[in-house]
Every structure is written in C-alpha cells, then in structure tokens.
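Taking it in order: structure first as structure tokens, then the write-up.
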Amino acid sequence: MDRSQCLDALSALSQETRLDVFRLLTRAEPVGMCAGDIAEAVGGLQNTVSTNLAILARAGLIRSAREGRSVRYFANLDGMSRLLSFLMEDCCDGKPEACAPLLQSVTRACGVSEAAMTTKRYHVLFLCTGNSARSIMAEAILNRWGGGRFHAFSAGSHPRDEVHPFTLDLLRQQNFDPEFARSKSWDEFTGSSAQPLDFVFTLCDDAAAEPCPTWPGQPMLAHWSIPDPAKAAGNDVERRLAFADTYRMLNNRISIFVNLPIASLDRLSLQKRLDEIGLTNDLREDQPKGTAA
C-alpha cells in the first residue's frame, strides 16, 4: 500500500455510516451481506448505503460478488491488513515484535480478526482427476474467501485438455474472472523448484486412491469426497444444477476451513478437523434425506 491508497482508505472510514458498514461486514465474515440487509442493520436508506458501499469498494476495504439478481458484500480483511501494516511499518525503531500487542489491539478494535492479520500465508492444492470442474471451483472459492491468508491452486492426476464449459459459466455467474482457470497436471507442483504446500485436499475418490507424488513442504492431507458434476446425467438444465450443487458443497466446506484456528491447533487436532470437514452433510435444506445432491 502506498501513501495515496492509505489516504483513500482512511477517508472512506472517516464517515460514521461507512465505518459502521465496514465493522458490520467484518462481523459477517465469511458469509457477507446483501445491500438491503446492510441498510436495515445500520438504519440507513438503501440507496445511501449503496453509495457508501461503492466508496468503501474503491478504497479496497470491501469486495462484492453477484448472486443471481443480488450482490453480496464482504469485508476485504486483506485490504485492512495492508492499511494497518502501512501505518505501523516504521514503528518501534524497526522492531515489529515490540508493537505486536498494539497491533493486536488495533485489529480487534477495527473488527479485524487476529487470524486475518497473521503473516503466515497458507498454500493449498486441490486435486481431482481431470482438473476441469471441482478443483477449479475450489481454487476460485478459497482465493476469494481466503482474505489474503490463503493462496489456492488446483491440478489433476489425469488433466483434461480444457476446463469444462459449465464450470466457466458458473464462475462467471458467481462474479469470478475465469481467466485463471487452466486444466493442468499435478506434476507442476512437484520437484525441488515447486511451491511448498501447507495443505493438499483430494476432491474425488479416484484421485485419492492413486499414489500421490511427494509434495514439497510436507503438507497436511485430507480427502473431501464430492461427486463429479461432469458425470451428471440429464438435460443441460439438470447438468448445470449438478455443477451448482458442487459449488455449494465446496463453498460450505471451504467456509469452515478458512475459519479454523489453524495457528492455535496442534497437528493432530488440525488433522481431525480437516477430516471432519470431508464428512460434512451436504444435503440442501430443501432436500429430503436419502436422496443424492
């Protein structure tokens, strides 16, 4: 962050309603809120709140994602982290450990979790066989939810030549830029020059059953089995619903993952939590028990 960006962020937060909105969105992480719900919570008119949301977005303090006809807003905790780092980068005579208690106090006062302020960035690899649907969606979702704490990748044991077109359509509907999406081999993430990994999640049973390469960084491994939407039968509408269900399942599991107190859990406890995420009940609220998603 530079001086101009810092001034923009401080100016955006200097107005009472915008400060209330930002604090509200930090409490709503990682689910976010729609503009109408935000207006009701802060007691303002929706058009006024929308104007303030636009100002906060331009300052890099919030982000948005389209959901059908509505737009959901989220606090950009990475943006707040960069603001606080800029404000305090020269403090304590170059000894950042001396001002750590102050930084923690400031982040709590601003509604930013300490977890979001950690300097540790976790690298996560999602695997499936073809790397054309599930793992691509997971990569996109975690990079959105991660708030700068996570950097997600995806790969396949036997990648297809291209990403499934229904995956690309769904990502666009969810306000992602699908330019990142590329079907690639898991071999890209092996070897001495590869990015060290902290977590590797397999999303399909076939990939989980295959002998995996030796991953750099000795990452934690877990299996989150999710049906392959590319194998769904029926007409295009029914098949697209399968892709939407897959997105929903991944969104649920990843939202649990990003809220784990990773730094405070020992390795055995963390492994147990990761495995439990893979057993998450993926039934929709309107779906009877005993039916497939």
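The values are calculated or read from the model by the stated rules, or taken from the named source; none is laboratory data. Quick caveat: nothing in here was measured; it's all calculated off a predicted structure. Here the Cβ positions follow ideal geometry from the backbone for every residue, glycine too, while neighbour counts run over all protein chains shown.
Specify the residue that is surrounded by the fewest Cβ atoms within 10 Å (Cβ to Cβ); the eligible residues are those in region 272-284 that are more than 19 Å from the chain's Cα centre (by Cα) and assigned to a loop (DSSP other than H, G, I, E, B). Within region 272-284, the match that is surrounded by the fewest Cβ atoms within 10 Å (Cβ to Cβ) is 281. Taking region 17-113 as the region of interest, the helices (runs of 4 or more DSSP H) fully inside it that hold 2 or more residues being at pLDDT 65 or above are 35-42, 46-58, 77-88.
What residue, among those in region 253-271 that are free of Cβ contacts under 8 Å to residues at least 60 places away in the same chain and loosely packed, with under 13 Cβ neighbours inside 10 Å, is farthest from residue 146 (Cα to Cα)? Ranking the qualifying residues of region 253-271, first place goes to 268. Beta carbons closer than 7 Å, at least 6 apart along the sequence or on distinct chains, never pair a first residue in region 188-211 that is at positive phi with a second that is loosely packed, with under 15 Cβ neighbours inside 10 Å and among the acidic types (Asp, Glu). When 208, 181, 232 are screened for being over 21 Å from residue 281 (Cα atoms) and small (Gly, Ala, Ser), only 181 passes. The residue that is surrounded by the most Cβ atoms within 10 Å (Cβ to Cβ), among those in region 6-63 that are more than 21 Å from residue 84 (Cβ to Cβ) and of a type in the set (Asp, Glu), is 37.
Residue-by-condition table, conditions (1) touching a helix residue (DSSP H, G or I) at 6+ places or on another chain (Cβ under 8 Å); (2) assigned by TED's automatic domain parsing to the domain that holds residue 127; (3) modelled with pLDDT of 90 or more:
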residue	(1), (2), (3)
180	yes, yes, yes
188	no, yes, yes
200	no, yes, yes
209	no, yes, no
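Kindly indicate the residue of region 160-178 that is modelled with pLDDT of 90 or more and surrounded by fewer than 14 Cβ atoms within 10 Å (Cβ to Cβ) and also farthest from residue 228 (Cα to Cα) among those meeting that condition. Only one residue tops the list, namely 172. The set of residues in region 214-259 being in contact with a Gly (Cβ under 9 Å, 6 or more places away or on another chain), over 30 Å from residue 77 (Cβ atoms) and among the basic types (Lys, Arg) is empty.
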